[in-house]
Amino acid sequence: VADDSDVVVVTGATSGIGEACCHRFLAAGSRVVAIGRRAERLHALADDYDDRLLTIALDIRDRSRVAAELKGLPASHAAVTVLVNNAGLARGSLNMLESSYEHWAEMIETNLNGTLAVTEALLPGMITRNRGHVFFLGSVAGRYPEGAAIYGGTKAFLHHMSQALRRELLGTLIRVTAVNPGSTSTELRAVRLGISPDQVPAGGTPTMMDPADVAEAIFMCNQLPALVNVNHIELMPVMQAFGEFVLAGTS
Ligand SMILES: NC(=O)c1ccc[n+]([C@@H]2O[C@H](COP(=O)([O-])OP(=O)(O)OC[C@H]3O[C@@H](n4cnc5c(N)ncnc54)[C@H](OP(=O)(O)O)[C@@H]3O)[C@@H](O)[C@H]2O)c1
């Protein structure tokens, strides 16, 4: 159960779901390590909290820096108990063939290689201490083949890997949860289109979930008794549902 003995590492803490996770765990009294590339956003976040919040401006694709920073955490934040592997992005057209190899590579390097680098740095300590909860942010795009072949593919990888990792960790007290949200009002779309967030209508649309909703779901999974593992959760705004099967040549 999250309390003042918890140290929560959140990647992608500079906006959206990750930032909301920081607020949620800090509100519960946990210590938090907030990671993202945009230092000015991290400074703004740090202004609102005391030294329970540690911020690290870090590109998770830089594996050697990830290892150095996370293995060199100060004693106050070194015994990490919760890892929210949230940093991720979509780039370009969601349609693979209308996008570019460079965009495919950026998604794979961030959503997969970056996430793995962070996990590589923190999971061994959790195993040694026999305490930990690792979250992986997938997406409904990784659960239903709605067309986002590369982005959805990275998210399907994370979902499958997290379930297999659960199996590999059997016998330890480490919990692993895949979180697969639907449409959430964040900067994801602006990043995908390569435009500034202020060029996207403020507040998203009322049909989307708020990032705080997803953060609350993550927090609730962690709040369950330590011997309960939520394997995966899938959540959507009530105004979102599944698409239909398609048959070529029909309309
Ligand atoms: N919004 C949705 O509808 C939705 C639905 C399902 C799943 N998700 C997933 O939820 C997660 C959070 O996304 P979001 O919707 O909250 O989008 P967001 O507002 O764009 O946040 C993404 C975060 O990831 C960070 N990030 C990206 N590349 C990074 C890198 N190389 N190193 C470190 N941090 C990096 C960004 O920070 P910097 O740019 O400062 O580095 C930012 O803090 C993602 O994995 C996304 O795929 C979102």
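A few notes on this one:
- Test: residue in the range 72-85 that is within 15 Å of the ligand (Cβ to nearest atom) and not in a strand (DSSP E or B): no
- Residues in the range 108-136 that are assigned to a helix (DSSP H, G or I) and on the phi > 0 side of the Ramachandran plot: none.
- One residue stands out among those in the range 129-159 that are more than 14 Å from the chain's Cα centre (by Cα) and within 19 Å of VAL228 (Cα to Cα): the one that is nearest to the ligand (Cβ to nearest atom), which is GLY132.
- Beta carbons closer than 6 Å, at least 6 apart along the sequence or on distinct chains, pair a first residue in the range 28-49 that is on the phi > 0 side of the Ramachandran plot with a second that is surrounded by fewer than 17 Cβ atoms within 10 Å (Cβ to Cβ) and not small (Gly, Ala, Ser) for GLY29/ASP3; GLY29/ASP4.
- Test: residue in the range 174-191 that is over 21 Å from the mean Cα position of the chain (by Cα) and part of a loop (DSSP other than H, G, I, E, B): no
- Scan of the range 137-171 for residues that are part of a strand (DSSP E or B) and surrounded by 16 or more Cβ atoms within 10 Å (Cβ to Cβ), ordered by number: LEU137, ALA148
- Candidates in the range 113-128 are the residues that are polar (S, T, N, Q) and either near the ligand (Cβ under 9 Å from one of its atoms) or closer than 30 Å to SER93 by Cα (or both); of these, the one that is surrounded by the fewest Cβ atoms within 10 Å (Cβ to Cβ) is ASN113.
- Of all residues in the range 71-92, those being buried (at least 17 other Cβ atoms within 10 Å of the Cβ) and over 25 Å from GLU216 (Cα atoms) number 3.
- Considering the range 16-58, and only residues there that are assigned to a helix (DSSP H, G or I) and among the basic types (Lys, Arg), the residue that is nearest to the ligand (Cβ to nearest atom) turns out to be ARG41.
All of the numbers you see were taken from the coordinates with simple rules; none came from a lab. This one's a predicted model, so the numbers in the text were calculated from it and none came from an experiment. As a convention, Cβ positions derive from the backbone with ideal geometry for all residues, glycine included, and neighbour counts pool all protein chains shown.
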